[in-house]
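Each value in this text was obtained by applying a stated rule to the coordinates, not by laboratory testing. All of these numbers come straight from a predicted model, not from anything done at the bench. Ideal geometry is used to build each Cβ from the backbone, glycine not excepted, and the neighbour counts take in all protein chains shown.
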Amino acid sequence: MNLYYLAAAAGEAPVNEFGFMKAMEEGGPVAWSILTVMIIMSVGSFYILFTKLFEQNKVFKQYEAVRTQFWRAASLKEAATKLEKDSAWRQIADDAVKAQEEHGKMTDALESHDYMHGSLQRSEDSINYVLSGGLPFLASVGATAPFIGLLGTVIGIYRALINIGIEGSASIDKVAGPVGEALIMTAIGLLVAVPAVLAFNWLQSRNRRIAEMLSGFSTDILAYINSNGAVKPAVTAAPAAKPAQPAAPKKA
């Protein structure tokens, strides 16, 4: 009879007490608090990534109207109306029109040029400021997430050492939980930090490209105004529309 119970006990699957949830339970409120902060950082990073990417793509797409329509207009004021409202390019064009209207009030030619150049520069700076919104958060997450994970690692190792001191032996069942918690916190910190750093660098490089395009657009507008429309970029032809496909013949 005893042999039967021993065989039955041996046939039972061992209970797995080592896993993510078990390690977090070992960590207690501190581990859960750190995990919550990491989740907030990660969600915020991906939210900023997708929203800024959408915003940048919209600016790039709106630039097509500048290349194909803006410089075809007879005047700067008319050209501004060809751009999409509330766009970065429309803002610069509207500010240029306003500066042009106030241009004649300047008695000194040098002061007039500096005023117009400064007006366009302020417009560029305000647009670049909006485009850079959210990037400091990504930089902060990339810089601090590994250290927050390291805090959980230090606490986990400390708890493992406490268990060793209390039990008087470094048995695996006493230190596996705290050490597992420590390793998990390190991994989570890296998983949060690496995407944030990559997203920051990518979005920053795209913002620099947009800043260059805005600066070139402002320079072209300034040259157009100072030359009374004689100097302007070559107009890019609009993409040809695809020919309509002939309708399929109807069956008799």
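What the table shows:
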read-out: ARG122/LEU198 FRET efficiency (R0 35 Å; Cβ-Cβ; nearest 0.05); value: 0.60
read-out: Cα gyration tensor category, rounded, prolate or oblate, for segment 40-110 with a/c compared to 1.5; value: oblate
